[in-house]
């Protein structure tokens, strides 16, 4: 089980992280983890283009090494980028230095100061060490597109039931998430458009 919206009290112990953005300009920040993937990332870019939306892609270093042309397309189409470690390491189960080394390895491939911990799992000690080098981006709203036990309608509801300006929303441009993402993403973008908000990228 996972919270669709991270309660504010849970964000307090991790002051070195960014959970949401200032909302004065009515922006919502869609993010995509775990790419790039040939089967999904191009389709996501096309959907975003259709709505004139921008987003932030947190790539896995290994995937970027394997598909540099897709990663270049993400940037060429005006989106911002961040890294998501090199091998998608678990911050609760990985030795501190091994974890930090994996993150630094990804940063050599992905030229960005933005970092999102895989699974959202990172200890305060690791976060403190990495925050000296990177801006750690968490999230406000979790779409659940990775959850094979829900459908696209539930994934959409996970986002829209509490979406507010300034929120950072997590999706995944992965093969596993695509059956739900392909239904939810257009509906979320339509909602943002109707509300007069803007889907924008995180500043790098």
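The values are calculated or read from the model by the stated rules, or taken from the named source; none is laboratory data. Please read these numbers as outputs of a predicted model, since none were measured by experiment. Positions of Cβ are backbone-derived with ideal geometry, glycine not excepted, and every protein chain shown enters the neighbour counts.
Things worth noting here:
- Exactly one residue out of 132, 128, 105 is part of a loop (DSSP other than H, G, I, E, B) and either more than 28 Å from residue 189 (Cα to Cα) or in contact with a strand residue (DSSP E or B) (Cβ under 9 Å, 6 or more places away or on another chain) (or both), and it is 132.
- Any hit, segment 186-202, residues being surrounded by fewer than 17 Cβ atoms within 10 Å (Cβ to Cβ) and under 20 Å from residue 36 (Cα atoms): yes
- Restricting attention to segment 187-197, the residues that are more than 16 Å from residue 140 (Cβ to Cβ) and in contact with a helix residue (DSSP H, G or I) (Cβ under 9 Å, 6 or more places away or on another chain) total 2.
- Within segment 111-125, if we keep just the residues that are surrounded by 17 or more Cβ atoms within 10 Å (Cβ to Cβ) and assigned to a loop (DSSP other than H, G, I, E, B), the residue that is nearest to the chain's Cα centre (by Cα) turns out to be 116.
- Segment 46-62 - residue that is in contact (Cβ under 8 Å) with a residue 24 or more places away in the chain and in a helix (DSSP H, G or I) and, of those, nearest to residue 114 (Cα to Cα): 61
- Filter result for residue 150 (assigned to a loop (DSSP other than H, G, I, E, B), touching a helix residue (DSSP H, G or I) at 6+ places or on another chain (Cβ under 8 Å) and crowded, with 23+ Cβ neighbours inside 10 Å): no
- Checking each residue of segment 69-79 against the condition of being part of a helix (DSSP H, G or I), under 29 Å from residue 163 (Cα atoms), over 18 Å from the mean Cα position of the chain (by Cα) and without any contact (Cβ under 8 Å) to a residue 60 or more places away in the chain gives at least one match.
- Residue, surrounded by the fewest Cβ atoms within 10 Å (Cβ to Cβ), within segment 86-110, restricted to residues that are at pLDDT 95 or above and closer than 29 Å to residue 166 by Cβ: 107
- With respect to (1) more than 23 Å from residue 78 (Cα to Cα); (2) more than 16 Å from the chain's Cα centre (by Cα); (3) in contact (Cβ under 8 Å) with a residue 40 or more places away in the chain; (4) buried (at least 18 other Cβ atoms within 10 Å of the Cβ), the lone exception for residue 162 is condition (4).
- Residue within segment 166-180 that is at positive phi, in contact (Cβ under 8 Å) with a residue 24 or more places away in the chain, part of a loop (DSSP other than H, G, I, E, B) and under 19 Å from the mean Cα position of the chain (by Cα) present: yes
- Of note, residue 38 satisfies the criterion of being surrounded by fewer than 19 Cβ atoms within 10 Å (Cβ to Cβ), free of Cβ contacts under 8 Å to residues at least 40 places away in the same chain, at negative phi and part of a loop (DSSP other than H, G, I, E, B).
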